[in-house]
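Beneath this line is the structure, given in structure tokens, with notes to follow.
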Amino acid sequence: MSVKYRRTLMAGLGVAMAMGSLGLTSASAAVADTSSASAKTKGAAEDVITLGFSNRPNSLDSEFRYDGIVTAPKGVGIQGIRYSFNGNGIANVQAREVSRGKGGMGEEYEIVGTTTEGGKDKIDFTLRGDFGPGGSKCPTTEYPVRVEITLTDGTKQVVTPVMDMRYFNKCDGQSTAEGGRPVARLPWDNAWRSPSGNSQDGWGYITDTGKVPGDRFIIDASNPRYGSGLPCDITDKVYYQWVKWNGDGTYSATQLTPKPEPLNVTPHGNDWTKKIEFQNATDFTKDGEGYYKLLAWPQASSSKGQACQASWDYNDQAQGFQVGSVFYKSSKGTPLADPLILGGAAAAAAVGGGAVWYMRRRRAEASG
């Protein structure tokens, strides 16, 4: 068993939120993402437009990622962001703002860009940070993560994405369609030993040119049943695809990846040394400015030939794990949000203050 140390929040810990861009429909047909897991939010009056978030993390990677758009009166900006570190619908952690494109490994948010349309400002932002619960039951636990954005005029906007936290456990005795399914890891800190020194900078990455250097995106398809001999204990393939937001809650395939692409994986359990890291640059220029998310669908089979139904269907965007995102928005301020789609902000009480501090968290994980 290897022991690793990483950041932990004790109280008001900050998560960085990234607001993304609305892109034009690509040449490929639009495919609606209607997943209860990938697009699920809680509450009737949601004020923030969700572009993407860590829809399906797992108990080894207790992290939170979110990309979205706020609509504010002209000249009004974001004053602060809080989120629910405990996944109980209570926003108890304060994030800190960092400069555009300078995100690190803390609880942070970045303002990607602001575009003025019809007397309103569309503010794109990205958020990242630690998450408290790790899930403790097979096969999954749902956590509502309330995000509160306080504007400089004192009003507050709210969104509550619901994370489907997969339990990284063999879940022996459950059907192969539920327990023990493979997962796509959600990289954090520099646990994956990225050359850039940051394993999580493939989420909320901002590019003005449409080109992203190599060694930014990671896919790690891991199987909690690896080595057990149980059904569905082998994951030797994962499909991935870049999809682009159409501005209406749907995502289109891209010219970059017109269809999900297969990647061969070395079967493993919890062993991030067997990751797949995109070493070559990724070029979004043919698809144009917009918001892109990276989806992954881990596959499974049985080492002893047993029946297996644990693979994630790569023909269904809703079953994909979001493992990365890119904001391609030039400094010219090209609108990323359709004013007919984005609604007005709801006024509410201002966010209260909150302290931010850190301690080292000890997390033991068995290598697989």
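The values are calculated or read from the model by the stated rules, or taken from the named source; none is laboratory data. Being a predicted model, the structure only gives us computed values, none of them experimental. Methodologically, a virtual Cβ is constructed for each residue, glycine included, from the backbone with ideal geometry; neighbour enumeration extends over all protein chains shown. When the accessible area is computed, the model is the full protein with side chains, heavy atoms only, and any ligands, DNA or RNA have been set aside. Shrake-Rupley method; radii C 1.70, N 1.55, O 1.52, S 1.80 Å.
Solvent-accessible surface (1.4 Å probe) assigned to Thr273 amounts to roughly 100 Å².
Using just the alpha carbons, could you tell me how many Å³ per residue the convex hull of the range 161-263 encloses? Mind dumping the intermediate values first?
Values: hull volume 16.2 nm³, N = 103.
Taking the convex hull of the Cα positions in the range 161-263, it is 158 Å³ per residue.
For the range 179-337, the per residue solvent-accessible surface stands at 35 Å², with DNA, RNA and ligands left out and a 1.4 Å probe. State which entries of Lys122/Lys293; Lys244/Lys274; Lys137/Lys274 exceed 23 angstrom in Cα-Cα distance in the structure shown. From the list (Lys122/Lys293; Lys244/Lys274; Lys137/Lys274), the Cα-Cα distance tops 23 Å for Lys244/Lys274; Lys137/Lys274. May I ask for the net charge around Asp220, where only other residues with Cβ less than 11 Å from the Cβ of Asp220 are counted and Lys, Arg are +1 while Asp, Glu are -1? Neighbourhood net charge equals 0. Using a 1.4 Å probe on the protein chains only, how many percent of the accessible area of the range 68-146 belongs to carbon and sulfur? Taking all protein chains in place, the range 68-146 shows 46 percent carbon and sulfur surface.
Among the listed pairs Lys259/Lys329; Lys170/Lys304; Lys211/Lys329, a Cα-Cα separation exceeding 19 Å is found for Lys259/Lys329.
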